[in-house]
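Everything below concerns the one structure shown next.
The values are calculated or read from the model by the stated rules, or taken from the named source; none is laboratory data. Every value quoted in this text rests on a predicted model; they were computed, and no experiment measured them. Reconstructed Cβ throughout: ideal geometry from the backbone, glycine too, with neighbour counts over all protein chains shown. Heads up: the accessible areas ignore ligands, DNA and RNA and are worked out on the full protein's heavy atoms, side chains in. Shrake-Rupley method; radii C 1.70, N 1.55, O 1.52, S 1.80 Å.
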Amino acid sequence: MIFLYIANFLTVLIFLSYGRIINSFLFPGNKKEQITANDIISGIIYLSFIGIFINFFFPLSLIINNFIFFLGIIFLFFNFYKKVSIPNTLRICLIISSISFLIMIFENSNRPDAGLYHLPFISILNEHKIILGISNVHFRFGHTSIVQYTSAIFNNSLFYDKGITIPISIIIATIFLYFYQNFRKKNNNFFLVFFFLIVSFITLKVSRYDDIGNDSIGHLFYFLTVSYFLICFYKKKFKYENFFLLFLFSLFTFANKIFLILSIVFPFFFIIWTKKFHFILDKRNLILFFFISIFLLKNVLISSCIIYPLKISCFKNLSWSSVDKNTHSSPEYRSLAGKVHAKAWVDYKDRKVSFEEYNHNFNWIKTWSETHLKYLFKKLIPLYILIIFLTFHFLYHEKKNSKTKKNITQFIKSKYLALIVSIFGSIYWFLNFPIYRYGYSLFVSGTIILIAFLINKYFTDNNKKKINIFKKILIIFFIFVIGKNITKIQKYHNIDYVDKPWPKIYAFDKENIKQKNIELLKFKDLRIYSPVYRLCMYSPSPCTNFKEIKKQIKIIKKFNYYLIIPKV
């Protein structure tokens, strides 16, 4: 348990080190001694894209990851040499590592998705450089998240493969701290309500390690992007640094969850409304262009598509393309299958109906409303209760706004844009992939922005009393979550399993025993495996639960790169 805590603390320091040193290089005029959550978030993003770039040429092996880790330690000394406030740094790192420790101790990985493709893809990254057409081994490898690269980097000689479990909980803890810090600073009604509801939602709904996958990380970064966009316009922070970070956050949101591509809208409107068109020509944008390029190139190399499984973005003439092929990874089939399964196909009784018929003319609405809609309302009940509480609180305890609020045109525009993007995204989500985990940041942020806007419009900013009340409510939520985690420790500390008390990554059982895979195919030194049980988990790679690929693919090697090519 002590080692797990130390590992969390060191990981936070590494993220902080890369974020601070790269930001100092990019923005030399920013010489703040105080460390913020933004420094750590930036480090997470930089390291993730560095991981993608390295994997074009090398596996993210122990040697590479050790170099990245110890280089981060060296950067840390440079940061302290530049008179970073050590007490402030230690306080923030201890808070984040403590929250992360409580989130991940004695936990399972996100199941079944972690066992199906998160962990198997991380294993591929640790064992192999990029494999062209790897989506033909398992279609889900075609739409993995950038956070798998973040995780793979922390399989090093200090943490070993257990280290891949740390970054996810660090991301959650850091973004939580970011929102809580902003909640404490704001005395404007809009931001007071906005951050209070966001912090409450994250605390109650995004604080279980085994419930956190690629979707949750993407949604957290969507919340982050929206909030940073709004803060920039409220404070009139129109420096290049703000544009760069906004673009960086939105890009990472998209790279985690392709469905949240609308987040890219925010930096473009930042330029348009501020009329800072010279930002476009800044040479530092080459870094952003580089990040976008390697991410999209990676997508094409592993799936033949810029955005898999969107057929229009696929290159049919690439040898590893599965477009118009009769394979499990066909983009046409996977796009349609994804839609109908999100619309509760598995709960539909008449299986004689084809996917196309079920998806046509809202034939899915009845089945979906009986299952996914009920689940959605269940998940959102705490948020609705808080909104009702806020409404009555302001109606009965606060003065109505008798004066016209100061008209900050750009800030008002930014709120409208954030609301419109969230509403438009929610409509697209409902029509195409209406499952809660795919789109909750869109309708949750839209709801919160609308409520915060109305309260800010009709009530005065007399906030000292309100902040204290809201703080007390948040403290109750924190105590509840901490209490659950302490109960978890008491419940499981006597139960033995492999790598206790780290999250389980090796098997879909209580013992977490490393499983042996079945060899499906072999070509030179590349072996493709299938699990003994239905989930690969973290095991020798590549691993897939689609055994039929044995007859569907062939493997060749060109220029020292493996290509997985569909035969049918």
(request) Report relative contact order for the chain in percent, whole number only (criteria: Cα-Cα under 8 Å, sequence separation at least 6). (result) 20 percent
(message) Quick check on packing: order 330-338, 296-304 by the mean number of other C-beta atoms within 10 Å, highest mean leading.
(response) 296-304, 330-338
(message) What distance in nm separates the two pseudo spin-label positions at Glu519 and Lys500, each 7 Å out from Cα along the beta-carbon direction?
(response) 3.5 nm
(request) Mind checking the full-extension length gain between Asp210 and Phe480? Use 0.36 nm per residue of separation minus the Cα-Cα distance, one decimal, nm. (result) 95.4 nm
(message) How large is log10 of I(q)/I(0) for the range 55-117 at q = 0.12 Å⁻¹ when the intensity is taken from the Debye formula with one equal scatterer per alpha-carbon?
(response) -0.58
(message) With 23 Å as the cut-off, how large is the P(r) tail for the range 1-114, expressed as percent of Cα-Cα pairs?
(response) 36 percent
(request) Please list, or write none, the aspartates and glutamates whose alpha carbon is within less than 15 Å of the alpha carbon of Lys567, excluding same-chain residues fewer than 8 places away. (result) Asp324, Glu548
(message) Accessible area of the chain with a 1.4 Å probe: how many percent of it is carbon plus sulfur?
(response) 65 percent
(request) Could you tell me which of the pairs Lys374/Lys484; Lys235/Lys472; Lys205/Lys488; Lys32/Lys237; Lys32/Lys471 are separated by over 22 angstrom between their Cα atoms in the structure shown? (result) Lys374/Lys484; Lys235/Lys472; Lys32/Lys471
(request) Would you mind checking the radius of gyration and Dmax of the range 69-156 based on alpha-carbon positions, in Å? (result) 17.5, 51
(message) Can you compute the FRET efficiency between Tyr396 and Ile420 using 1/(1 + (r/R0)^6), with r the Cβ-Cβ distance and R0 = 35 Å? Round to the nearest 0.05.
(response) 0.65
(request) Find the cysteines in the chain that fail to meet the 4.7 Å Cβ criterion with every other cysteine, and list them. (result) Cys93, Cys232
(message) Test of the criteria: in the range 524-568, which chymotrypsin sites (Phe, Trp or Tyr not before Pro) are in a DSSP loop and have at most 10 other Cβ atoms within 10 angstrom of their Cβ?
(response) Phe559
(message) With every protein chain kept in place and ligands, DNA and RNA left out, what is the accessible area per residue of the chain? Probe 1.4 Å, answer in Å².
(response) 44 Å²
(request) Would you give the gap between the C-alpha center of the range 502-568 and the C-alpha center of the range 213-276, rounded to a whole Å? (result) 37 Å
(request) Mind giving me the FRET efficiency for Leu310 and Ile287? R0 is 35 Å, r the Cβ-Cβ distance, nearest 0.05 is fine. (result) 0.85
(message) Can you compute the label reach from Val353? Point 7 Å from Cα along the Cβ direction, backbone N cut-off under 19 Å, restricted to the range 411-447.
(response) 430-435
(request) Figure the gain on full extension for Phe56 and Glu332 (residue separation times 0.36 nm, minus the Cα-Cα span) and round it to one decimal in nm. (result) 96.6 nm
(request) Please report the base-10 log of the normalised intensity I(q)/I(0) for the range 319-377, using a Debye sum with one equal scatterer per alpha carbon and no solvent, at each q in 0.15, 0.19, 0.29 (1/Å). (result) -0.50, -0.70, -1.16
(message) Residues of the range 335-354 with backbone nitrogen within less than 20 Å of a virtual label 7 Å along the Cα-to-Cβ line of Ile264, please, listed as ranges.
(response) 335
(message) Using 10 Å bins from zero, what percent of all Cα-Cα pairs in the range 233-304 falls into each bin?
(response) 18, 49, 26, 6, 1
(message) 7 Å from Cα along Cα→Cβ at both Phe78 and Tyr160: what's the point-to-point distance in nm?
(response) 3.3 nm
(message) With only alpha-carbon atoms in the gyration tensor, what are the semi-axes of the equivalent ellipsoid for the range 259-355, in Å, largest first?
(response) 36, 20, 8
(request) Could you work out how far apart the two model spin labels at Asn317 and Leu373 are, taking each label as a point 7 Å from the Cα in the direction of the beta carbon, and quote it in nm? (result) 4.8 nm
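In percent, what relative contact order does the range 199-285 have, based on Cα pairs under 8 Å that are 6 or more apart in sequence?
Working: 69 pairs, mean separation 25.9, N = 87.
Once normalised by length, the contact order is 30 percent.
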(request) Classify the range 434-527 as rounded, prolate or oblate from the Cα gyration tensor: take a ≥ b ≥ c as the square roots of its eigenvalues, call it rounded if a/c is under 1.5, otherwise prolate when a/b beats b/c and oblate if not. (result) oblate
(message) What does the C-alpha gyration tensor say about the overall shape of the range 159-295? Classify as rounded when a/c is under 1.5, otherwise prolate if a/b is larger than b/c, or oblate.
(response) oblate
